[in-house]
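Below is one structure, written out as C-alpha cells; comments come after it.
The values are calculated or read from the model by the stated rules, or taken from the named source; none is laboratory data. Since this is a predicted model, take the numbers as computed values, not measurements. Cβ atoms come from the backbone with ideal geometry, glycine included; neighbour counts cover every protein chain shown.
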Amino acid sequence: MRYVIVGGSIAATTALNVIRANRPDAEIQVVADEAMPFYYRALIPFLLDNSRIVDDILFTEQPTNDERVHFHHDQCIGVDPGKKMIGLASGTTCSYDKLLLAAGSSSRIPDIPGVASQGVFTLRNMDEALKVREALQGCRNAVVIGGALAGVKMAEALKRTGVHLTVVEQRSHILPFIADTETARRMSNKLCEQGMEIHSNDSAKEILATDGQATGVRLASGKTISADLILLMAGVRPNVEFLADSGIDIDQAVLTDREMQTSVVDVYAAGDMVQIHDAVIGKDVVSALWGNAVHMGRTAGFNMSGIKALVPPLLSSFNSTEIGGLPIISAGLLHTDSSHYAVYTEAQGENYRKLIFDQDRLVGMIFLGDVSRAGVYTNLIRNRISLGERKDALVREIMSALYY
Amino acid sequence: MEVIYVQADKCLGCKTCEIECRIAHAEENHAEKKTLLAAISQVRPPKRRLFVEQGEIGKTPVICRHCEEAPCIVDCISGSIYRDEQGFVRRKKERCMGCWSCIMACPFGVVVRDAEAHIAVKCDHCPDLETPACVAGCPTRALQLVDVDSLPLERRKELLLKKGG
Ligand SMILES: Cc1cc2nc3c(=O)[nH]c(=O)nc-3n(C[C@H](O)[C@H](O)[C@H](O)COP(=O)(O)OP(=O)(O)OC[C@H]3O[C@@H](n4cnc5c(N)ncnc54)[C@H](O)[C@@H]3O)c2cc1C
Ligand code: SF4
Ligand code: SF4
C-alpha cells in the first residue's frame with residue numbers, strides 16, 4: 001500500500017506512526033517543506049531567549065529510522081485525485097493509494113504598508129525563530145502585532161531578553177480566544193507590572209521605515225511606537241491554497257467526515273488545516289490546537305490503515321498555559337450575554353474561576369491561578385455530560401476549592 | 001502489565017499512601033535515607049501523586065490509571081509525557097515547560113502543578129521499587145497490584161473500569 005503524507009508536524013507524524021504500527025506492508029512518502037528533524041512547534045518562543053536550545057525542542061522520537069518511510073524536503077503544489085497523484089515544487093510527482101493532507105496553517109500577514117521592511121518578521125516556524133533570535137542582537141524596542149496566545153508567548157520570550165516590549169491587539173482585550181474580559185484584565189495587569197506595554201482596542205495601520213529598515217509602528221489611534229523589531233502575530237490561516245484545483249471540498253478550511261476523510265475518496269486531512277465540528281458551540285470552525293491535531297492525525301492514521309475509527313468530540317477552545325506567572329486553563333464557551341446560560345464566578349486573591357452552564361450541562365470554564373483538577377471538569381464539557389441533580393454540588397465543589 | 005487496583009470499601013482514609021508517595025519521591029540526593037523526616041525537611045518537600053478523596057461510599061484513593069489512550073500524552077505540547085517500556089505513563093522532567101496542558105487533559109485530576117519547580121508532577125508507578133510505595137504502605141490492602149494480562153478479558157474490562165476507585 002502506497003501512502004503519501006503532506007506535512008511534517010504533529011498531525012502528519014501522529015498519522016505516520018499509526019500507519020507504521022498497523023501496516024507492515026506500508027510504503028510511506030512524507031513531503032514536508034520544513035527541513036528535518038521534526039520539532040514541537042509550541043516551543044519555538046523559548047528559542048528566542050535561549051531558554052531552550054534547538055535540541056531541546058526536537059521530537060523525542062523521530063520517525064526516521066524506518067526503511068519503509070521516505071522523506072522529501074519539498075512542497076506539495078497540487079493534488080490530482082483522478083490520477084491519484086500529487087505534484088511537488090521540485091517538478092516531480094508522487095503517486096498514492098491513500099493520501100493525508102496535514103499542511104497546518106501559516107501566519108496571516110496584515111495588509112498594511114511597510115510589512116516588507118527589514119526588521120519585520122512573521123514567526124511560526126523554527127527557521128523564523130532563529131532569524132528573529134539573530135535580529136535581536138542590539139535590538140532595544142520590539143513590538144508584537146497581535147495579542148492572542150502565540151503573540152503573547154513570543155512577547156514574554158522577547159521581554160526576557162531585556163528589550164522594551166509593546167503588544168498591540170485590535171480587540172478589546174488580549175488573549176481573546178482563551179480568556180474573558182476579567183481574566184484578560186488580570187493577566188494584562190500582571191504583564192504590565194512586569195514592564196510590558198499593552199495597547200488593546202487599537203491596531204497597526206502602518207510600519208514606519210527609514211531606508212527599508214523598520215523604525216516603528218503607527219496605530220489607528222494615531223500613536224506611534226518606535227521599534228527596531230516587529231513581529232506580525234496577527235493570527236493564522238489554514239494552508240489550503242494548493243488544493244484550489246483539487247476538487248476537495250473546502251469552506252474556511254478542509255471539510256472531512258468523522259473518519260477524517262475529505263470529500264474525495266482516499267484523501268484524508270488532519271490538524272490545523274481542517275475545519276472541526278465544535279462539540280460545545282455546535283458549529284464548524286477552524287481550530288489551532290495541538291491536541292486536536294493529535295486526535296485527527298491518529299484517527300486518519302487508523303482509517304488509512306484500514307481500521308475504522310471516529311474522531312472524538314473536539315473543542316475549538318481548549319487551552320492551557322501560563323502567562324505573567326499566572327496559570328490559566330479554559331475550555332468551551334468563555335463568555336456569554338445570553339440569559340439562556342447560567343454563569344458563576346468566584347475570585348479569591350489571584351485566583352479566579354468561571355463556570356457557564358446550559359441547563360444541567362457545563363459548557364464553559366475558566367480557571368485562573370489555581371488550575372488543580374481542571375481536567376475533571378474540561379472532560380464534562382467535552383463529553384457534554386448531563387449533571388442533573390449533581391450540578392449545584394459541582395459548582396460548590398469547584399468554587400469552594402479556592403478557599404482551602 | 002501490573003496495575004494498581006483500588007478497593008474503595010477497604011480504605012480507612014488514613015492517607016498512609018500519600019505519605020509513602022511523598023517519601024518515595026524525595027529528591028535524589030536524599031535517596032540513601034528515604035524517610036518521612038528527610039522528605040519533609042527538603043527545601044521543597046515532594047508533592048504527593050495520589051489523593052485520598054471523598055468518594056461515594058467514603059474515602060478512597062484516586063490514582064493515575066496509566067490510561068490506554070492517555071489524554072495527558074495527547075495534549076502535552078513538549079513531548080514530556082510518554083509511555084515507558086513497561087506501559088506506564090511518565091513525565092520527562094527536563095522536557096516539561098509548565099504549560100499545564102496535562103492538568104487540563106487528565107479526567108481524573110491526578111496531575112499536579114509543582115509551582116516552585118515549574119513542572120507537572122504525576123504518578124510514575126515507582127520505577128525503582130519492586131512494589132509502588134503506596135501499595136506497599138497501605139495497611140488494609142485497599143491498594144493492590146494486579147496483573148491485568150493474566151486475567152480473562154471480561155474480568156479485565158471490569159477491573160480497568162473500576163481501577164482507581
Ligand atoms: C508559538 C506557538 C504556540 C502554540 N501554543 C500552543 C498551545 O499551548 N496549545 C495548543 O494546543 N496549541 C498551540 N499552538 C498551536 C499548535 O502548534 C498547532 O495547532 C499545531 O502545530 C498544528 O499541527 P499541524 O500538524 O496541523 O500543522 P503545523 O504544525 O502547522 O505543521 C504543518 C507543516 O506542514 C508544512 N507544510 C505546509 N504546507 C505544505 C505543503 N504544501 N507541502 C509540504 N509541507 C507543507 C509546514 O511547513 C509545517 O511544517 C501553538 C502554536 C504556536 C506557533
Ligand atoms: S495522568 Fe490522568 S490522563 Fe494521564 S494516564 Fe494518568 S489518569 Fe490517564
Ligand atoms: S506541563 Fe509539562 S508535562 Fe504537562 S503538558 Fe505541559 S509540558 Fe507536558
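Numbers below:
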quantity	calculated
Sole exception among (1) under 16 Å from A:Met296 (Cβ atoms); (2) outside any helix (DSSP H, G or I); (3) more than 6 Å from ligand 1 (Cβ to nearest atom) for A:Val18, by number	(2)
Complete set of residues in region B:50-82 that are outside any loop (DSSP other than H, G, I, E, B) and away from every other protein chain (no Cβ under 11 Å)	B:Val52, B:Gly55, B:Gly58, B:Lys59, B:Thr60, B:Pro61
Residue match in region A:139-158 (condition: assigned to a strand (DSSP E or B), touching a His at 6+ places or on another chain (Cβ under 9 Å) and surrounded by fewer than 21 Cβ atoms within 10 Å (Cβ to Cβ))	yes
Condition check for B:Cys102: buried (at least 22 other Cβ atoms within 10 Å of the Cβ) and within 11 Å of chain A (Cβ to nearest Cβ)	yes
Residues located in region B:94-117, provided they are farther than 24 Å from A:Ile398 by Cβ and within 9 Å of ligand 3 (Cβ to nearest atom)	B:Arg95, B:Cys96, B:Met97
Region A:326-356: number of residues that are closer than 18 Å to B:Met104 by Cβ and away from ligand 2 (no atom under 16 Å from the Cβ)	13
Breaking point among (1) more than 30 Å from A:Tyr40 (Cβ to Cβ); (2) β-branched (Val, Ile, Thr); (3) not assigned by TED's automatic domain parsing to the domain that holds B:Leu143, for B:Ile19	(3)
Extreme residue, nearest to ligand 2 (Cβ to nearest atom), among residues of region A:272-310 that are at pLDDT 95 or above and hydroxyl-bearing (Ser, Thr, Tyr)	A:Thr299
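So that you can scan it fast, the table gives a plain yes or no per residue for (1) under 20 Å from B:Ala105 (Cα atoms); (2) away from chain B (no Cβ under 14 Å); (3) modelled with pLDDT under 95; (4) crowded, with 21+ Cβ neighbours inside 10 Å:
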site: A:Ile329; (1), (2), (3), (4): yes, no, no, yes
site: A:His335; (1), (2), (3), (4): no, yes, no, no
site: A:Tyr341; (1), (2), (3), (4): no, yes, no, no
site: A:Gln348; (1), (2), (3), (4): no, yes, no, no
site: A:Leu355; (1), (2), (3), (4): yes, yes, no, yes
site: A:Ser372; (1), (2), (3), (4): yes, no, no, no
site: A:Gly388; (1), (2), (3), (4): no, yes, no, no
site: A:Lys391; (1), (2), (3), (4): no, yes, no, no
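For every residue, the table says whether it meets (1) within 21 Å of A:Pro312 (Cβ to Cβ); (2) within 16 Å of ligand 3 (Cβ to nearest atom); (3) modelled with pLDDT of 95 or more.
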site: B:Asn29; (1), (2), (3): no, no, no
site: B:Lys34; (1), (2), (3): no, no, no
site: B:Leu37; (1), (2), (3): no, no, no
site: B:Phe51; (1), (2), (3): no, no, no
site: B:Pro71; (1), (2), (3): yes, yes, yes
site: B:Ser78; (1), (2), (3): no, yes, yes
site: B:Ile81; (1), (2), (3): yes, yes, yes
